[in-house]
Each structure stands twice: as structure tokens, then as C-alpha cells.
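Worksheet: the structure to be examined is printed underneath.
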Amino acid sequence: MVPLRDNNPTSITPYVTYALVGANIFIFLYQATLSPQELQAFFNRAAVVPCQLSATCPIPVDQGIPEWLTLITSQFLHGGLLHLGGNMLFLWVFGNNIEDRLGHIKYLIFYLSCGVLAALAQWFFSQNSTTPMVGASGAIAGVMGAYILRYPKAQVLTLVP
């Protein structure tokens, strides 16, 4: 995939996209330093655990952070290298044009809002689940949807035709 840019000579540098990619990679590298038990505890604190959001967990868990905030923090956690790599590739390819169109602040708000809405949609269907939900996939899907709406005839070059 080749990152496409608007042919607009006033295009802005996609600092927010760069920062989001960097933050996701940095947090994933931190996750890689944790033992399996520490990683599970980290996910229980920073990921969306549906039953905690619903207040229906059979065993109360000391979060350390408000449960509503996990709707944002979970967007920076990933379950593995391929999960992270796929999400960051699509963010890199499509995010720059949407950031250019919306501007830095509106783009960041849009990105985080898409992630929150995706997490809430998943929570709606699994309110009693104790499995932590991680990843930026919902936010990335929102960015890709915005790209499709803004550039419906754009051709994306890929290695596989």
C-alpha cells in the first residue's frame, strides 16, 4: 500500500497521525516488557472490560483509572505484532488525508470518537464479558470510512493486484 496524499499544495504535515502511530508503537513496546501476568493486569486496568463498564463483573477489579477512560486507553493497546502492524499500516495509508481535510484537532477528536463508538458498539453486544477489548481497529475503521466518503474514486496501490 502506498500512502496517498491530496494533490493540494497547502497540505499539512500529518503530525497527529505520526503521533498516534508513535504512541501505539511505544505502548506496544512497553507491553512487550511485561510478564504474562503483568500484561493481563495491564489489560484489566487499561482495556475495556465489558462487565466492568456495565458494573456486572462477578469479581470487582481495582482499575486504578475510571472505567469510562478505558474507552480511550484501550485504543492504544494491541494483542500482538500483526494486530499492531495492520492497524498502523492502515492508519498511515489513510489517516494523513483525513487529517489534512479535518485539521489536527478535529482529526484527533474524530479518531478518538470513532474508537469510543466502536468500543461501545462491541460492549453493547457483550455486556457481561470479562475479556478485555484492545486495539485501534474501531478508530482505524472510522478513518477508512471517512476516506471512502471523501475519496470515493481514489485508487489505492497495493502489492497484490
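The values are calculated or read from the model by the stated rules, or taken from the named source; none is laboratory data. Fair warning: this is a prediction, and the values are worked out from it, not measured in the lab. FYI the Cβ positions are ideal-geometry reconstructions off the backbone, even for glycines, and counts take in every protein chain you see. Just so you know, the surface numbers come from the protein's heavy atoms only, side chains and all, with ligands and any DNA or RNA stripped out. Shrake-Rupley method; radii C 1.70, N 1.55, O 1.52, S 1.80 Å.
Of all the residues that make up region 12-35, how many are more than 17 Å from Ile140 (Cα to Cα), at pLDDT below 95 and open to solvent by less than 40 Å² (accessible area, probe 1.4 Å)? Result for region 12-35: 0. Please tell me if Leu91 is more than 21 Å from Tyr151 (Cα to Cα) and either touching a residue at least 12 places away in the same chain (Cβ under 8 Å) or not hydrophobic (A, V, I, L, M, F, W, C) (or both). When the stated conditions are applied, Leu91 does not pass them.
Cβ-Cβ distances below 8 Å connect the following pairs, each with a first residue in region 145-161 that is within 15 Å of Ile98 (Cα to Cα), a second residue that is small (Gly, Ala, Ser), and a separation of six or more residues or different chains: Tyr147/Ala154.
Yes or no, residue by residue, for (1) charged (D, E, K, R); (2) more than 21 Å from Cys51 (Cα to Cα):
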{"position": "Tyr111", "(1), (2)": "no, yes"}
{"position": "Leu117", "(1), (2)": "no, no"}
{"position": "Gln122", "(1), (2)": "no, no"}
{"position": "Gln127", "(1), (2)": "no, no"}
{"position": "Val134", "(1), (2)": "no, no"}
{"position": "Ile140", "(1), (2)": "no, yes"}
{"position": "Val143", "(1), (2)": "no, yes"}
{"position": "Arg150", "(1), (2)": "yes, yes"}
{"position": "Val156", "(1), (2)": "no, yes"}
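Just one of Gln122, Gln127 is on the phi < 0 side of the Ramachandran plot, in a helix (DSSP H, G or I) and at pLDDT below 95; which is it?
On inspection, the qualifying residue turns out to be Gln122.
Listed by first and then second residue, the pairs with beta-carbon distance under 8 Å, at least 6 apart or on different chains, first residue in region 97-113 and open to solvent by 10 Å² or more (accessible area, probe 1.4 Å), second assigned to a helix (DSSP H, G or I) and of a type in the set (Lys, Arg), are Arg101/Arg150.
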